[in-house]
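Undergrad: The structure's right below; bear with me while I get my questions together.
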Amino acid sequence: NAGVTQTPKFQVLKTGQSMTLQCAQDMNHEYMSWYRQDPGMGLRLIHYSVGAGITDQGEVPNGYNVSRSTTEDFPLRLLSAAPSQTSVYFCASSRPIAGAGVGGELFFGEGSRLTVL
Amino acid sequence: AQSVTQLGSHVSVSEGALVLLRCNYSSSVPPYLFWYVQYPNQGLQLLLKYTSAATLVKGINGFEAEFKKSETSFHLTKPSAHMSDAAEYFCAVGGKAAGNKLTFGGGTRVLVKP
């Protein structure tokens with residue numbers, strides 16, 4: 001069981017370039033989300049999705065785009081990379097807590113380390 | 001709105017000593033609370049969670065946390081630290097008003113001294 005798979009693990013970009021971070025999960029989870037991790041700031045939510053075709057913005061959405069065409073996949077697009085987007089990116093998935101309508105335990109990928117020069 | 005404050009970005013403990021990591025939260029609705037652990041170069045994994053059942057929650061690797069509504073706290077403890085506990089620990093809060101969004105604290109890095 002692969003869980004949550006992120007690719008690539010490492011990427012170096014030049015300012016202004018675009019790229020897509022891939023995320024796939026094989027647990028049939030409804031909820032998926034993207035976080036970025038920066039030292040001392042914990043994880044901050046970029047975008048999330050509660051199901052195929054439904055996405056919404058998190059705390060730090062600017063400069064990023066997402067789509068959710070299937071339950072399994074949730075790619076994150078950087079439209080025009082900036083040095084401020086140098087970070088470690090984590091994709092996570094979860095299923096709702098029964099009867100609560102909120103997400104339960106998050107299952108994380110191993111992260112994608114992005115450097116923007 | 002919801003928020004999480006973890007007191008102390010770094011904690012150093014001796015092997016065999018008590019581990020205490022502090023977490024205070026703010027939430028306008030009954031919260032769901034989580035502790036996650038991150039080992040070097042890995043993603044986060046769940047240690048334990050509080051979802052409105054028992055206030056004392058036991059997790060993996062001997063960790064436990066107590067939900068105290070009056071203090072808006074969810075501190076993580078382990079009676080006896082092991083070298084393998086060296087990692088970064090994150091407290092997170094969620095709740096119905098937040099949908100499936102979790103808000104994370106800034107993290108506490110634990111160093112275990114032999």
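Undergrad: Got the relative contact order for the stretch B:22-66 handy, in percent, Cα pairs under 8 Å and 6 or more residues apart?
TA: Once normalised by length, the contact order is 27 percent.
Undergrad: For chain B, what's the relative contact order in percent, using C-alpha pairs closer than 8 Å and at least 6 residues apart?
TA: Worked out over chain B, it gives 38 percent.
Undergrad: Using θ = phi - 60° and the Karplus relation 6.51 cos²θ - 1.76 cosθ + 1.60, list the HN-Hα couplings for the stretch B:84-90 in order, rounded to whole Hz, with x at every Gly or Pro.
TA: Couplings: 6, 7, 5, 5, 10, 10, 10 Hz.
Undergrad: Return the average number of partner chain Cβ atoms within 10 angstrom of each residue Cβ along peptide A:32-41.
TA: Counting Cβ atoms of other protein chains within 10 Å of each residue's Cβ and averaging gives 3.
Undergrad: Which distance in nm do the two modelled labels at B:ALA17 and A:LEU79 give, with both placed 7 Å along the Cα-to-Cβ direction?
TA: Calculated label separation equals 5.0 nm.
Undergrad: Using only Cα positions of the stretch B:1-85, each an equal point scatterer, no hydration layer, compute I(q)/I(0) via Debye at q = 0.18, 0.22 Å⁻¹ and quote the log10 values to two decimals.
TA: Each listed q corresponds, in turn, to -0.81, -1.18.
Undergrad: B:THR77 to A:GLU30: FRET efficiency via 1/(1 + (r/R0)^6), r the Cβ-Cβ distance, R0 35 Å, to the nearest 0.05?
TA: Efficiency computed from Cβ-Cβ geometry: 0.60.
Undergrad: Now for a different question. Quick check for you: which residues of the stretch B:1-30 have the amide N under 14 Å from the point 7 Å beyond the Cα of B:LYS69 toward its beta carbon?
TA: B:27-30
Undergrad: What dipole magnitude, in Debye to the nearest 20, does the stretch A:38-117 give about its Cα centre under +1 on Lys/Arg Cβ and -1 on Asp/Glu Cβ?
TA: That gives the stretch A:38-117 a dipole magnitude of about 100 debye.
Undergrad: Now, a different point. Relative to the compact globular guide of 2.2 N^0.38 Å, what is the alpha carbon radius of gyration of the stretch B:8-50, as a ratio?
TA: 1.44
Undergrad: Cα centroid distance between the stretch B:17-63 and the stretch A:1-44, in Å?
TA: Each part reduced to its Cα centre gives a spacing of 23 Å.
Undergrad: Suppose R0 equals 30 Å. What FRET efficiency, 1/(1 + (r/R0)^6) with r the Cβ-Cβ distance, do A:THR7 and B:SER84 give to the nearest 0.05?
TA: Efficiency, rounded to the nearest 0.05: 0.55.
Undergrad: I've got another one for you. Starting from the stretch A:1-108, pick out the trypsin sites (Lys or Arg not before Pro) whose DSSP state is loop and whose Cβ has at most 12 other Cβ atoms within 10 Å.
TA: A:LYS9, A:LYS14
Undergrad: Further question: Considering only B:THR51, B:TYR39, B:ALA81, whose Cα is most displaced toward the positive end of the charge dipole of the stretch B:30-101, charges sitting on Cβ of Lys, Arg (+1) and Asp, Glu (-1)?
TA: B:THR51
Undergrad: Ignoring solvent entirely, what values of log10 I(q)/I(0) come out of the Debye formula for the stretch B:54-114 at 0.12, 0.13, 0.19, 0.22 Å⁻¹ when each Cα is a single scatterer?
TA: Scattering profile of the stretch B:54-114, log10 relative to I(0): -0.37, -0.43, -0.86, -1.07.
Undergrad: Before anything else, pin down the relative contact order of chain A: Cα pairs under 8 Å, at least 6 apart, normalised by residue count, whole percent.
TA: Relative contact order of chain A: 34 percent.
Undergrad: Let me ask something else. Report the calculated FRET efficiency for B:SER26 and A:LYS14 (r = Cβ-Cβ distance, R0 = 41 Å), to the nearest 0.05.
TA: Plugging the Cβ-Cβ distance into 1/(1 + (r/R0)^6) gives 0.55.
All of the numbers you see were taken from the coordinates with simple rules; none came from a lab. Remember, it's a predicted structure, so these values are computed and weren't measured experimentally. Positions of Cβ are backbone-derived with ideal geometry, glycine not excepted, and every protein chain shown enters the neighbour counts.
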